[in-house]
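Enquirer: Encoded as structure tokens, here's the structure I'll be asking about.
The values are calculated or read from the model by the stated rules, or taken from the named source; none is laboratory data. None of these values were measured; they are calculated from a predicted model. Virtual Cβ from ideal backbone geometry, glycine too; neighbours counted across all protein chains shown. Note: accessible area is taken over every heavy atom of the protein model, side chains too, but ligands, DNA and RNA are not part of it. Shrake-Rupley method; radii C 1.70, N 1.55, O 1.52, S 1.80 Å.
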Amino acid sequence: MKLFRFAALAASLVLAASAYGQNAPVKVNGVAISQQHLELLVKNLVAQGRADTPQMREALTQQMINRELMVQDATRRGLDKNADVAARLTFARQDVLSSAFVQEALKAHPVTDDELRKEYERIKARHGAKEFKVRHILVEREDEAKEIIAQLNKGASFEKLASEKSKDPGSKANGGDLDWGSPGRYVKPFGDALLKMKKGQLSEVPVHTNFGWHVIRLDDERAARIPGFDEAKPQLQQMLNNQVVEKAVAELRAKAKIE
């Protein structure tokens, strides 16, 4: 982290704790070193596994002295008025305040364990009991898709036709391969079509979605591996936390005048 950019330098400047006194106020050219800032640095290091010791606090104090000296000199020389520096200072302020907004939103609307379990069950039901290994060829018109099916039924290579004709940039280079996925991963018409197909089968008719017309081949299927609730919980927590924040921001946007 940037806060610890000068940790190595500070460590080399450690003085005996008794020289300053752990709780003694320190001033740099009349500017007091913030005890609150020091405690924040200590908290961050302890969270990384470091022990809270007088030696560590002294090293951090020396680091803060060095930083304050540099800030004072940069300000004296007018560097804070530089357009690029001023923009970065503004961005840093926005970053800190937006992070504080997120924490307050989550504190006001904490995600409950019951909500996590409901979301887990919803996703589990949507995922289904099976996963499918699928290839597809996406084209714009139904007649194109029908012509491709006719060619495939005559022995043409699915992979070759996919690389030549598919409009899906994410899979055409791999012969239309979409890898393993549950029906719920895809848009509903596509997922519904998979559930009606058998291993090795080619779709008899093109499947229409909002993306276009699909020619589908089901290469393989297997039992779905669904993680248990405890394993999935961190991801569920993050997902629902994001939803809380997105809702809070949406409410702000609804009331804001954006020109």
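Enquirer: Can you tell me how many residues in region 105-125 are in a helix (DSSP H, G or I) and not charged (D, E, K, R)?
Expert: Here is the first cut: in region 105-125, the ones in a helix (DSSP H, G or I) are 105-108, 113-125.
After this cut, where a residue has to be not charged (D, E, K, R) as well, the list is 105-106, 108, 116, 120, 123, 125.
Residues in region 105-125 being in a helix (DSSP H, G or I) and not charged (D, E, K, R): 7 in total.
Enquirer: Still on this structure, I have one more. Considering 242, 153, which residue is surrounded by fewer than 17 Cβ atoms within 10 Å (Cβ to Cβ) and in contact (Cβ under 8 Å) with a residue 12 or more places away in the chain?
Expert: 153
Enquirer: Kindly indicate the residue of region 50-97 that is among the small types (Gly, Ala, Ser) and part of a helix (DSSP H, G or I) and also most open to solvent (accessible area, probe 1.4 Å) among those meeting that condition. Walk me through it before giving the result.
Expert: Kept after step one, since they are among the small types (Gly, Ala, Ser), are these residues of region 50-97: 51, 59, 74, 78, 83, 86-87, 92.
Subset that is part of a helix (DSSP H, G or I): 59, 74, 83, 86-87, 92.
Details: 59: 19, 74: 27, 83: 80, 86: 37, 87: 58, 92: 48 Å².
Top of the filtered list is 83.
Enquirer: Then there's this: Quick one: in region 98-126, which of the residues that are open to solvent by 90 Å² or more (accessible area, probe 1.4 Å) and free of Cβ contacts under 8 Å to residues at least 60 places away in the same chain is farthest from residue 71 (Cα to Cα)?
Expert: My answer is 126.
Enquirer: Would you check which residues across region 208-233 are open to solvent by less than 20 Å² (accessible area, probe 1.4 Å) and outside any helix (DSSP H, G or I) and list them?
Expert: 209, 212, 214, 215, 216, 218, listed by residue number.
Enquirer: Could you say whether any residue in region 194-202 is surrounded by 13 or more Cβ atoms within 10 Å (Cβ to Cβ) and among the basic types (Lys, Arg)?
Expert: no
Here is a yes/no grid of residues against (1) modelled with pLDDT under 95; (2) over 30 Å from residue 169 (Cα atoms); (3) under 25 Å from the mean Cα position of the chain (by Cα):
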| position | (1), (2), (3) |
| --- | --- |
| 214 | no, no, no |
| 224 | yes, no, yes |
| 233 | no, yes, yes |
| 249 | no, yes, yes |
| 252 | no, yes, yes |
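Enquirer: On the given criteria, is residue 142 in contact (Cβ under 8 Å) with a residue 24 or more places away in the chain, within 22 Å of residue 187 (Cβ to Cβ) and either open to solvent by less than 70 Å² (accessible area, probe 1.4 Å) or out of contact with any helix residue (DSSP H, G or I) (no Cβ under 9 Å at 6 or more places or on another chain) (or both)? Working first, answer last.
Expert: Numbers: in contact (Cβ under 8 Å) with a residue 24 or more places away in the chain: yes; within 22 Å of residue 187 (Cβ to Cβ): yes; either open to solvent by less than 70 Å² (accessible area, probe 1.4 Å) or out of contact with any helix residue (DSSP H, G or I) (no Cβ under 9 Å at 6 or more places or on another chain) (or both): yes.
So residue 142 fits the description; yes.
Enquirer: Return the residues of region 41-99 that are farther than 27 Å from residue 245 by Cβ and of a type in the set (Gly, Ala, Ser); say none if nothing qualifies.
Expert: 49, 51, 59, 74, 78, 83, 86, listed by residue number.
Enquirer: I've got another one for you. Determine if region 172-184 includes at least one residue that is open to solvent by 80 Å² or more (accessible area, probe 1.4 Å), free of Cβ contacts under 8 Å to residues at least 40 places away in the same chain and more than 27 Å from the chain's Cα centre (by Cα).
Expert: no
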